[in-house]
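> Attaching a single structure in structure tokens format; questions to follow.
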Amino acid sequence: MGYVAVKGGTEAIEASLDRLKYDRLKEAEVVEINTVLATMRHLVDQVMSEASLYAPFLAALAIKQARGSMEEAVFLLRAHRSTLPRHYYSETVDTEDMFVERRVSASFKDIPGGQLLGSTNDYAHRLLDFDLVKESKEENQNWLRTYHERMKADHPDKDLQFFPKVVDYLRAEGLFERYPLDDTPPNDITKESIQFPTGRSERLQVLTRGQTGAVTSLGYASLRGYGQVHPTIGEVRVGSVPIHVQHPYEEDSEQDDSFYIGDVQLTEVESFVPVTVKNNNQKEELEFEIGYGISFGQNETKAIAMSILDQCLQKPHGEFPTHDEEFVLLHIDSVESTGFISHLKLPHYVTFQSELDSVRQVKKGGESNDS
Amino acid sequence: MYEKPILQVKHLQKQFGEGCPHCFDKESVYLEKNYCTVCGTVHAVRDVSFDLYPGEVLGIVGESGSGKSTMLQGLYFDSSMTSGAVYINQSELTGQNVLSLSSQQKRYIRNYIYGMVYQNPVDGLKMKFSSIGNIAEKMIAAGNRNVSNIEKRSKELLENVHIPLRRMKEEPQYFSGGMQQRVQIAKALSNNPPILFLDEVTTGLDLSVQASVLDLIKQIQRELHISMVVVSHDLAVIRMLADRSIVMLNGEVIENGLTDQILEDPQHEYTQQLVYSLL
Amino acid sequence: MIAKPHFAFFDEGSKKEIRRATLKAVAIPGYQVPFASREMPIARGWGTGGLQLTLSLIGRNDVLKVIDQGADESVNAVSIKKLVQHTTGVSVTEKTQEADIIQSRHRIPEKALKEDQILVLQVPNPEPLRKVDAREYMTKRMHAEDDYSGAWLLLFEQIMKFGRMSTGASHPVYVNGRYVMTPSPIPRFDNPKMHQSKGLILLGAGREKKIFAVPPYTSVESLAFDDYPFTVESFEGKACKLCGSTDVFLDEIIDPDTGERTHQCNDTSYCMEQLNSEEKVEVENSYV
């Protein structure tokens with residue numbers, strides 16, 4: 001009967017929890033939350049993005065508690081999110097106000113404001129750096145000092161720079177349709193479960209919360225041929241944006257009266273996807289549509305893949321699962337997929353006994369039929 | 001013929017696109033076949049009316065793109081029509097335009113009054129269910145909850161369409177095209193529908209297989225007196241099956257009458273072409 | 001930064017939302033009501049639907065029983081009990097008749113529910129028509145239009161292939177003559193217990209975000225054909241080796257050494273009670 005013995009469940013769980021703690025402590029090393037925050041920023045970003053809770057410190061704590069397991073850390077943060085009352089929605093964030101740390105466009109060499117490579121692994125050669133095995137704090141300090149001096153020399157106190165959006169530039173040229181501003185409040189998928197067919201606001205929420213690997217894989221599948229979207233990246237920008245909320249009791253207060261509550265770091269992607277549209281004379285014309293991707297933190301691959309899937313789902317196509325909203329949206333959530341896969345570890349012996357009975361009865365019936 | 005028609009189709013219209021002042025008139029110079037060069041609307045079915053009498057086989061012939069299949073799909077509620085009315089002479093439906101009924105009522109009609117055989121068996125069969133299950137589906141949908149009863153009727157039908165009973169538990173995906181078509185016919189007949197639609201049922205089959213499927217349809221018609229609407233691009237098929245026929249071109253009815261008459265003395269230029277090519 | 005957990009984990013707003021969905025489910029027996037399922041401290045697929053129901057309903061004076069696969073001491077039952085107790089401080093019991101709320105996975109207790117009891121069942125896959133169509137948009141329509149021929153066809157296919165219905169657990173049921181519902185993966189043995197149950201039965205699917213219900217005294221019929229009636233698992237000629245019960249769902253136990261096959265009550269608390277009452281009778285008898 002093994003682990004579902006009729007008695008002993010309580011003791012077994014206690015023992016298992018002790019063992020879990022033991023495993024975390026046994027090497028006698030303590031990782032500080034700040035160390036995680038300072039050195040594992042990408043991990044923190046990924047956890048915040050999949051958990052859809054912007055809380056770097058809590059994400060780092062979750063990573064520590066989960067001993068580096070992504071699914072577990074995301075799960076911890078999501079469960080914590082459930083306990084938090086949600087009183088406000090922020091004002092709409094305009095990413096044009098982003099304090100840009102990095103911004104590239106694959107569409108144009110010359111974009112207004114220029115390309116800003118910033119910090120990226122893209123051009124780092126992926127060679128294991130054995131120098132990191134023995135890093136000295138002192139050397140690091142020295143490197144930092146020279147770096148700061150060099151920066152000062154190159155950019156003597158330049159003004160803060162904001163970058164116009166690449167897409168505005170194209171819009172001015174008439175390559176994009178101008179849509180009227182749509183101020184319909186989005187449906188909050190954490191307050192009302194999504195219903196099909198979905199609206200775009202619901203899709204974007206599910207996609208941005210999606211598991212990084214799942215979103216990337218499906219976006220890749222579409223790109224490779226199991227889908228009809230092959231975009232050009234208009235712009236990837238990474239940076240921080242300010243978040244404002246309105247005064248809770250003065251509903252009509254002006255935007256200027258809203259309260260600044262802090263910054264979040266975002267990755268935003270606008271992909272350009274060529275589509276054929278009919279013009280007023282029913283002639284087919286090529287136009288661009290925008291696939292949109294956004295993510296907490298610096299998660300560029302995920303945000304790009306999201307922009308692909310966003311466009312895929314805008315254009316349902318029976319042949320490809322990447323264009324099927326139920327297929328995509330119901331299977332990319334980390335907490336849901338890992339939870340259900342892992343539930344297979346639970347005992348299923350009642351259901352199995354029931355199936356066994358059916359199989360036996362069928363066999364019995366088969367024998368009597370043959371005889 | 002003073003009998004009341006079992007099915008009346010009135011002014012059916014199906015267009016893809018908004019339409020514009022330039023294409024509302026059928027004779028408009030802006031129309032290229034059924035395509036409006038101004039607004040791009042396709043007028044797939046234009047003002048089609050006809051009656052179907054009990055026990056009669058009505059043929060609808062026309063080239064591909066003439067709107068005949070689109071119209072049939074509309075009659076069977078697979079796609080919605082832009083306008084028009086369809087009346088069925090059955091007591092519970094008297095006087096009601098069935099196109100405007102609720103989807104539940106439409107399902108009732110599909111289960112009890114209509115049978116449909118599609119050109120492509122994939123549209124009419126569940127390829128991964130047994131053949132007998134496919135035939136049973138309609139009976140189950142019509143509320144039959146007695147397995148031996150369903151089984152008995154399915155076997156009769158399978159025999160009727162010449163499918164060996166030893167293969168009844170096999171899935172149609174493993175059958176040849178002709179056999180798949182025969183399973184579809186058996187399925188369509190399962191609830192003794194008074195009206196049967198056949199959409200290009202022999203298209204794509206070998207000639208010898210075509211002949212056997214056509215024979216089967218004739219036999220069913222003789223024995224069961226079901227009213228049928230047979231759609232085909234092949235005048236030979238229509239000649240063999242239909243008592244009366246309609247010729248469609250660019251979404252419109254251009255000729256209608258007794259099949260023999262049409263064959264002997266075609267009026268419209270297109271029909272003449274069609275008939276001469278048959279000779 | 002250190003947060004004290006709220007009573008029953010949720011904020012009151014969330015509880016109200018879940019209770020509203022629950023009320024709707026009770027009002028439309030067998031209909032799957034969508035709700036904004038929360039992430040819970042236990043994993044999706046491990047009973048979060050049931051847990052959300054329990055937590056939204058439980059009051060300070062309620063007594064809770066949690067079972068998994070019939071056993072109170074099964075690891076996941078213990079884990080769920082621990083969480084509820086930790087966030088509410090309510091008392092728990094193993095005795096079916098003492099509980100106000102019974103949360104269960106894959107079983108309905110052998111002892112019939114009473115009018116003041118609520119049974120909460122955990123549901124992994126709430127959609128009985130999922131095998132008919134993978135798309136929620138389609139299955140929702142089928143329910144709306146009372147189109148259940150697909151569900152029947154699946155059973156018909158089984159009869160054609162195997163000579164009988166070959167469903168294991170979660171054999172679909174008609175609730176109140178209208179909605180086809182999965183009874184959750186309870187064995188067929190438990191399906192009849194839902195029919196005209198005195199207690200309220202709530203079913204919660206956390207991952208799939210659905211709540212549905214069988215209100216007290218509601219008709220629940222297992223799908224079956226006229227000539228192929230619904231049958232429950234057969235334990236003919238078998239009895240619990242511990243308490244001797246015969247009309248209960250039995251676990252099959254194989255001795256790893258001898259290969260001998262024995263049977264034992266799956267509902268552990270029922271078995272225990274049978275044993276206790278036998279002992280009591282023996283004790284009473286010996287004093288006569």
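The values are calculated or read from the model by the stated rules, or taken from the named source; none is laboratory data. Just so it is clear, the structure is predicted and the values come from calculations on it, not from any experiment. Quick reminder, even Gly has a Cβ in these numbers, built from the backbone with ideal geometry, and neighbours come from all protein chains shown.
> Kindly check whether there is at least one residue in region A:26-35 that is among the β-branched types (V, I, T), part of a helix (DSSP H, G or I) and surrounded by 19 or more Cβ atoms within 10 Å (Cβ to Cβ).
Going through region A:26-35, the residues among the β-branched types (V, I, T) turn out to be A:30-31, A:33, A:35.
Next cut, part of a helix (DSSP H, G or I) only: A:33, A:35.
Checking which are surrounded by 19 or more Cβ atoms within 10 Å (Cβ to Cβ) leaves us with none.
No, region A:26-35 contains no residue that is among the β-branched types (V, I, T), part of a helix (DSSP H, G or I) and surrounded by 19 or more Cβ atoms within 10 Å (Cβ to Cβ).
> Please go through region B:235-256 and pick out each residue that is within 14 Å of the chain's Cα centre (by Cα) and either surrounded by fewer than 22 Cβ atoms within 10 Å (Cβ to Cβ) or more than 17 Å from B:L52 (Cα to Cα) (or both).
If the condition is that a residue be within 14 Å of the chain's Cα centre (by Cα) and either surrounded by fewer than 22 Cβ atoms within 10 Å (Cβ to Cβ) or more than 17 Å from B:L52 (Cα to Cα) (or both), then B:V237 is the only one that fits.
> Of all residues in region C:200-224, how many are crowded, with 19+ Cβ neighbours inside 10 Å, under 15 Å from the mean Cα position of the chain (by Cα) and in a loop (DSSP other than H, G, I, E, B)?
Total satisfying the criteria: 1.
> Continuing with this model, one more query. Of the conditions (1) surrounded by fewer than 24 Cβ atoms within 10 Å (Cβ to Cβ); (2) within 12 Å of chain A (Cβ to nearest Cβ); (3) within 21 Å of the chain's Cα centre (by Cα), C:E136 fails just one. Which one is it?
The failed condition is (3).
> A further question follows. Could you tell me whether C:R178 is more than 15 Å from the chain's Cα centre (by Cα), modelled with pLDDT of 95 or more and surrounded by fewer than 19 Cβ atoms within 10 Å (Cβ to Cβ)?
Here the answer is yes, as C:R178 does meet what is asked.
> Continuing with this model, one more query. Residues to consider are C:T268, C:T231; find the one that is touching a residue at least 40 places away in the same chain (Cβ under 8 Å), crowded, with 16+ Cβ neighbours inside 10 Å, over 22 Å from C:T93 (Cβ atoms) and not acidic (D, E). Explain how you work it out, then say what you get.
On the way: C:T268 fails: over 22 Å from C:T93 (Cβ atoms).
Residue meeting the stated conditions: C:T231.
> If I ask for residues that are in contact (Cβ under 8 Å) with a residue 60 or more places away in the chain, closer than 18 Å to B:A188 by Cα and not hydroxyl-bearing (S, T, Y), which ones from region B:89-143 would you list?
B:N111, B:I113, B:G115, B:M116, B:V117, B:Q119, B:P121, B:G124, B:L125
> Among the residues of region B:58-72, is any charged (D, E, K, R), over 16 Å from the mean Cα position of the chain (by Cα) and under 26 Å from B:K218 (Cβ atoms)?
Scanning region B:58-72 turns up no residue that is charged (D, E, K, R), over 16 Å from the mean Cα position of the chain (by Cα) and under 26 Å from B:K218 (Cβ atoms).
> Turning to a different aspect of this structure: Going by the conditions given, is C:A71 crowded, with 22+ Cβ neighbours inside 10 Å and at the interface with another protein chain (Cβ under 10 Å from one of its Cβ atoms)?
Considered against the rule, which asks whether it is crowded, with 22+ Cβ neighbours inside 10 Å and at the interface with another protein chain (Cβ under 10 Å from one of its Cβ atoms), C:A71 comes out as yes.
> Which of (1) surrounded by 17 or more Cβ atoms within 10 Å (Cβ to Cβ); (2) under 20 Å from the mean Cα position of the chain (by Cα); (3) in a helix (DSSP H, G or I) does B:A136 not meet, given it meets every other one?
The one condition B:A136 does not meet is (2).
> Exactly one condition in (1) facing another protein chain (nearest Cβ under 10 Å); (2) touching a residue at least 24 places away in the same chain (Cβ under 8 Å); (3) more than 29 Å from A:L344 (Cβ to Cβ); (4) not aromatic (F, W, Y) is false for C:R207; which is it?
Failed condition: (3).
> Taking the condition of being more than 30 Å from B:E32 (Cβ to Cβ), touching a strand residue (DSSP E or B) at 6+ places or on another chain (Cβ under 6 Å) and not β-branched (V, I, T), how many residues in region B:196-220 meet it? Break it down stepwise before answering.
Initial filter on region B:196-220 (more than 30 Å from B:E32 (Cβ to Cβ)): B:196, B:198, B:201-202, B:205-220.
Checking the rest, the ones that are also touching a strand residue (DSSP E or B) at 6+ places or on another chain (Cβ under 6 Å) come to B:196, B:198, B:201.
Those still in the list that are not β-branched (V, I, T) too: B:196, B:198.
Final tally of qualifying residues: 2.
> Residue check: is C:S79 touching a helix residue (DSSP H, G or I) at 6+ places or on another chain (Cβ under 9 Å) and over 15 Å from C:L119 (Cα atoms)?
When the stated conditions are applied, C:S79 passes them.
> State which residue pairs qualify: first residue under 24 Å from C:R38 (Cα atoms) and modelled with pLDDT of 90 or more and inside region A:336-359, second residue of a type outside the set (D, E, K, R) and crowded, with 22+ Cβ neighbours inside 10 Å in any location, beta carbons under 6 Å apart, and separation of 6 or more residues or different chains.
A:G339/C:A43; A:G339/C:G45; A:F340/C:G45; A:S342/C:A43; A:H343/C:G45; A:H343/C:W46
> Name the residue, out of A:R103, A:R78, that is within 13 Å of chain C (Cβ to nearest Cβ) and charged (D, E, K, R). Break it down into steps so the answer makes sense when it comes.
Values: A:R103 fails: within 13 Å of chain C (Cβ to nearest Cβ).
After ruling out the rest, the residue left standing is A:R78.
> Here is a list: C:A21, C:A77. Which entry is among the small types (G, A, S) and either touching a residue at least 60 places away in the same chain (Cβ under 8 Å) or part of a loop (DSSP other than H, G, I, E, B) (or both)?
Answer to the check: C:A21.
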